[in-house]
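Taking it in order: structure first as structure tokens, then the write-up.
Nothing in this text is a laboratory measurement; each read-out follows from the coordinates by a stated rule. No experiment lies behind these values; they were computed from the predicted model shown. Cβ placement follows ideal geometry from the backbone for every residue including glycine, while neighbour counts extend to all protein chains displayed.
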Amino acid sequence: MLLHQSSWQEVEAYLDHSKGIIIPIGSTEQHGPNGLLGTDALCPEIIAHEASKTSDLLIAPTFNVGIAQHHLGFTGTITLRPSTMIAALQDWIDSLVRHGFERIYFLNGHGGNVPTIQAAIAESYSSWSLAGESCPYRLQSRNWWDLPGVMKVCSAIFPVGDGSHATASEVAVTYFGYPESVKHVEMTPKIAPEGDFADADDYRKTFPDGRIGSDPAQATPEKGETITMAARDSLITDATAFFRAND
Ligand code: NI
């Protein structure tokens, strides 16, 4: 069930039997020569939407702009400041809690979001702890590739050149979701360099085509389907357990 394709009465009825909701969360940032700018938001969205077809899980709209300051050297990238993102997440959380949601599960698609999501969770709990009150809800964040069993599938499909940014796995998942957007681009070098970065100019200088450690030319919709289905099944198990915790 998708929240944005439901009526308010349907969401009210859902809350009679579950207090849990999944929020896909990602980023709008460059993903190399053949990856979509929406990759990090599309991956958790595609996986969560697949999960909604075969389970009773409720999926929120995707929080699709995140922490991407280091990608601003590439056209099309949009970022939030960490402080802006924490404030926005707080408002999403407070709105859902007001309606009775007690388990909010962020399915994240961007490693650069992790510290900020954790800070938002700490902010949210802090307001209750400092007031001397017991928080009536629980928040969880999981990267889709960290769902149990998923990395094993990715490594089996892409034993070489999966990389750490514009990965073959994430590009494949978006190609499964949007096969009309498949791009055939020759990568030079075939596998991008690995390394660290600081700000946007430093990133652009160090990784000129945007990739880190990857050869995403290996991505196909079929490979993406295998990864998506593994992640879907693992998400259903993981989120269902979280929603039922302390029932
Ligand atoms: Ni990514």
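Note down the relative contact order for region 3-244 as a percent, whole number, built from C-alpha pairs under 8 angstrom at least six residues apart.
Computed value for region 3-244: 25 percent relative contact order.
Out of residues 5 or more away from ILE23 or on other chains, whose amide H comes under 5 Å of its own, with H placed 1.01 Å from N in the peptide plane?
Result for ILE23 returns ALA60, TYR105, PHE106, LEU107.
I'd like the distance between the alpha-carbon centres of region 61-75 and region 172-207, rounded to an integer number of Å.
14 Å
Ranking request for peptides 42-54, 11-23, 161-173: highest mean number of other beta-carbon atoms within 10 Å first, then the rest in descending order. Please report the intermediate quantities before stating the final value.
Values: 42-54: 22.7, 11-23: 17.5, 161-173: 25.7.
Descending packing order for the listed peptides: 161-173, 42-54, 11-23.
For region 84-198, what's the relative contact order in percent, using C-alpha pairs closer than 8 Å and at least 6 residues apart?
Once divided by the residue count of region 84-198, the mean separation gives 23 percent.
Over the chain, what is the percentage of antiparallel beta bridges among all DSSP beta bridges, to the nearest 5?
If we restrict to bridges inside the chain, about 15 percent are antiparallel.
Taking LYS190 as the anchor, which lysines have their alpha carbon closer than 27 Å to its alpha carbon, excluding any fewer than eight residues away along the same chain?
Reachable lysines: LYS152, LYS205, LYS223.
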